[in-house]
Amino acid sequence: QVQLVESGGGLVQAGRSLRVSCVASRTPLIPSKWGWYRQAPAKQRELVAEISRGGTANYAESVKGRFTISRDSAKKTVFLQMDSLEPGDTAVYYCTASIGARDYWGQGTQVTVSS
């Protein structure tokens, strides 16, 4: 069974930066697409950013210009660099990977931005 494990979350002050990572294991395949979602308390889960195997990235309007998604295919790892963080970015961040015909999810990592 494919496993996705996120790391790098934590508590940070507004205006600072944080980078979260996600590694895929138990698979020889490279994901065709990676994504980062987030879910804040009492809110629906939303797409933050996604990146294709070829490197095409898409971002939610709320994070454009502040967040950058990247991947290291050889290491089956995706990153989300988050700059100029705002209290509204506080959420659990989930990694997703499309491998074969399935989408897999990580367990999530908490990001808390204090004002």
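Give, rounded to the nearest 20 debye, the magnitude of the charge dipole that the chain has about its Cα centre when Lys and Arg contribute +1 at Cβ and Asp and Glu contribute -1 at Cβ.
300 debye
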Check: Can you give me the Cα centroid spacing of region 72-111 and region 1-29 in angstrom?
Finding: 6 Å
Next item on the list: May I ask you to give the percent of accessible area on the chain that is carbon plus sulfur, with a probe radius of 1.4 Å?
Entry: 47 percent
Checklist line | Among N58, P87, V12 the positive-end extreme of the charge dipole of the chain (Cβ point charges) | finding: N58
Item checked: Length-normalised contact order for the chain - Cα pairs under 8 Å, 6+ apart - percent -> 37 percent
Notebook entry, point to check: How many Å² of accessible area per residue for region 1-75, probe 1.4 Å?
Noted result: 60 Å²
Next item on the list: Round to the nearest 10 and report in Å² the accessible area of D83, as given by a 1.4 Å probe over the protein chains' heavy atoms.
Entry: 50 Å²
Item checked: Using θ = phi - 60° and Karplus 6.51 cos²θ - 1.76 cosθ + 1.60, couplings along region 88-96 (whole Hz; Gly, Pro as x) -> x, 7, 4, 4, 8, 9, 10, 9, 10
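The values are calculated or read from the model by the stated rules, or taken from the named source; none is laboratory data. In this text the structure is predicted, and so the values were computed from the model without any measurement. When we count neighbours, we look across all protein chains shown, and the Cβ atoms used for this are built from the backbone with ideal geometry, even at glycine. Please note that ligands, DNA and RNA were not included when accessible areas were found on the heavy atoms of the full protein model with its side chains. Shrake-Rupley method; radii C 1.70, N 1.55, O 1.52, S 1.80 Å.
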